[in-house]
Each structure stands twice: as structure tokens, then as C-alpha cells.
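Scroll down for the structure; my scribbles are underneath it.
The values are calculated or read from the model by the stated rules, or taken from the named source; none is laboratory data. This one's a predicted model, so the numbers in the text were calculated from it and none came from an experiment. Cβ coordinates were reconstructed from backbone atoms using ideal geometry, including for glycine residues, and neighbour counts include every protein chain displayed.
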């Protein structure tokens with residue numbers, strides 16, 4: 001449609017209650033373009049509802065992820081001149097329950113490659129390329145808000161795709177991105193929210209990352225709170241008696257099932273370490289059930305404070 005121009009004026013209607021009423025909604029005013037209406041010449045494709053993700057695949061194809069109404073979230077392969085259907089068709093329904101014709105009834109319109117009923121309420125779409133999860137290179141990830149999920153999508157290189165994995169992370173995921181080292185960063189849409197680093201099992205703690213101080217801290221007076229734990233033997237006995245070393249490495253001892261606690265003070269604040277002991281997250285960074293129990297009733301008071309100080313002081317390379 002390069003070079004084409006549209007009408008000098010276009011009608012405007014009030015937002016209708018549903019797609020059926022929109023067909024007969026009265027015109028409330030006319031909009032007049034101040035210059036040539038270049039909309040047709042600038043339109044690559046049409047028929048989108050609410051795009052929340054737009055990303056190029058490694059093969060150069062452009063993919064779009066959008067929200068439907070009540071059902072009908074879509075993953076579309078974007079091609080020049082195509083009409084993707086909205087508001088004429090959808091696999092969802094209007095919010096007031098009024099049906100919308102199915103895309104199957106309109107072969108002249110382009111159907112989605114994948115659609116979701118019920119919705120996943122996507123936050124974004126990104127393609128993975130990294131060393132930490134090499135088996136996922138070329139896959140895309142869709143974050144989910146209402147679904148509180150993370151979805152992995154595989155592509156066949158011929159314009160086809162399918163959702164192959166879905167993790168219930170129990171958090172409204174606004175965005176997921178890949179880090180330079182290949183880890184996944186996931187940001188939670190909540191107040192307070194959280195930023196989570198997702199890595200293979202055994203290499204990360206499923207807790208929000210520590211934030212840098214907003215200003216340089218002033219000098220602190222010497223005292224018990226600013227010093228290393230006064231009773232290291234007591235803390236070590238707490239770690240041993242509560243079976244922490246079965247899963248976690250502390251110093252040069254311990255297992256490899258869970259993340260190493262060496263250097264945890266450089267990755268987490270004291271409050272985050274305390275929260276992980278008292279109320280551990282229900283799932284690990286990979287979405288699996290967290291086997292770690294709560295120690296709220298067994299480690300408390302001065303024991304808890306000493307344990308947090310001790311863990312915060314552990315060097316990354318003992």
C-alpha cells in the first residue's frame with residue numbers, strides 16, 4: 001500500500017460495550033487530518049487488539065503476542081498486508097458475554113498460530129539465546145500476569161509454533177528477559193513486587209535480588225550489630241542440627257542440591273536472608289516445589305539474628 005493516502009476525514013464513535021454494538025454505534029464527531037492521511041501507506045498489517053509482545057525470531061520472522069477479550073490471547077506471525085481479524089473475529093468472547101464470530105468462519109482473515117482459552121494475560125514476548133539453558137536457544141518465552149505463569153514456545157522454522165512448557169510461578173509476571181550470562185530475569189507486577197533471577201536448579205536462590213543503597217552509608221559505631229557473629233560455634237551447630245548441609249554448601253562443607261550459601265551476603269540483604277529462613281518461597285527458581293521447610297518456630301530471637309549475620313559474612317570463595 002506504499003504511496004496510498006486515505007480519506008481526509010474519518011468518523012469517531014464512543015467506545016462500544018461489545019463488538020456487535022460497534023457495528024451500529026452512532027458517529028459522535030469527525031476527525032480531520034491536518035495534512036495528507038498517510039495511514040494506508042504506513043500500515044504493514046492490521047487486525048490487532050492489544051499487542052503486549054513484538055519480537056524478531058532468530059530466522060528474522062516477526063512475531064506478535066496480544067491479549068484477547070474473555071479468552072483468545074494470540075500469538076501471530078506478522079506478514080505484510082495481512083489482516084489478523086480484530087474486531088471482526090476472535091477465539092474469545094466480549095466481556096459482557098456477547099459472542100464474537102470465530103476466526104474459523106473467515107478464511108479471508110489470518111488466524112493466530114497459537115491461541116489461549118482461558119487467557120494467559122501476557123506481559124511480554126522474548127526469544128532466548130544464552131549459555132545457561134542451551135537446550136532453549138531459539139525458543140520464546142511469554143510472561144503471564146493473570147495466569148501467574150511463564151510459557152516456553154518452540155518454533156518449527158516454517159511459520160509454525162507450539163507452547164511446550166508452562167510453569168506456575170505464583171506471581172504476576174510483567175516481563176522476562178535474558179541476562180548476558182544466560183540466566184532469565186523475571187519481574188513481578190505487585191506492590192511490593194520482586195526481581196527474580198532464574199537459573200538451573202542449584203545455582204540461585206528464589207528470592208528478590210538485593211537493591212543497592214540509594215546513598216552512601218555513613219560510618220557506624222562499633223558494636224555487636226556491626227561485628228561478626230559473637231558465637232560462631234552456636235551458629236554452626238544451628239546449621240548442622242537443622243540439616244542445612246544436606247542441601248547447601250557452607251564454607252567447604254555441605255551438599256549441592258540447593259544453592260551455595262557462600263557469598264550469599266553479596267547477593268541478598270539481611271532481610272531477604274531472614275525471610276528465606278523463616279518463610280521460604282513455595283517454589284524454586286525452576287518452578288518446582290521447594291523442599292525447604294520454614295524454620296520460624298525452631299530458629300528465632302538471637303539465634304536467628306546470629307545466623308543471618310553469620311551467613312551475610314560468608315565469603316564467596318572460602
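Which of the residues that make up the range 25-55 are without any contact (Cβ under 8 Å) to a residue 12 or more places away in the chain and either in contact with a strand residue (DSSP E or B) (Cβ under 9 Å, 6 or more places away or on another chain) or more than 30 Å from residue 121 (Cβ to Cβ) (or both)?
Matches in the range 25-55: 34, 35.
Just to be sure I understand the filter: pairs with C-beta atoms under 7 Å, separated by 6 or more residues or on different chains, first member in the range 296-308 and crowded, with 18+ Cβ neighbours inside 10 Å, second member assigned to a loop (DSSP other than H, G, I, E, B) and at pLDDT 90 or above. Which pairs pass?
Filtered contacts from the range 296-308: 307/299.
With the condition kept exactly as written, say whether any residue in the range 95-103 is touching a residue at least 24 places away in the same chain (Cβ under 8 Å) and surrounded by 19 or more Cβ atoms within 10 Å (Cβ to Cβ).
yes
Can you tell me how many residues in the range 56-76 are out of contact with any strand residue (DSSP E or B) (no Cβ under 6 Å at 6 or more places or on another chain) and within 24 Å of residue 4 (Cβ to Cβ)?
Residues in the range 56-76 being out of contact with any strand residue (DSSP E or B) (no Cβ under 6 Å at 6 or more places or on another chain) and within 24 Å of residue 4 (Cβ to Cβ): 0 in total.
Would the range 130-140 turn up any residue that is at pLDDT 95 or above and within 16 Å of residue 18 (Cβ to Cβ)?
no
Which one of these does residue 6 not meet: (1) touching a helix residue (DSSP H, G or I) at 6+ places or on another chain (Cβ under 8 Å); (2) within 30 Å of residue 140 (Cα to Cα)?
Single failed check for residue 6: (2).
Confirm whether residue 159 is touching a strand residue (DSSP E or B) at 6+ places or on another chain (Cβ under 6 Å), part of a loop (DSSP other than H, G, I, E, B) and surrounded by fewer than 20 Cβ atoms within 10 Å (Cβ to Cβ).
It is true that residue 159 is touching a strand residue (DSSP E or B) at 6+ places or on another chain (Cβ under 6 Å), part of a loop (DSSP other than H, G, I, E, B) and surrounded by fewer than 20 Cβ atoms within 10 Å (Cβ to Cβ).
Would you point out the residue of the range 176-191, among those that are over 22 Å from residue 289 (Cα atoms) and assigned to a strand (DSSP E or B), that is nearest to the chain's Cα centre (by Cα)?
Taking the candidates together, the pick is 177.
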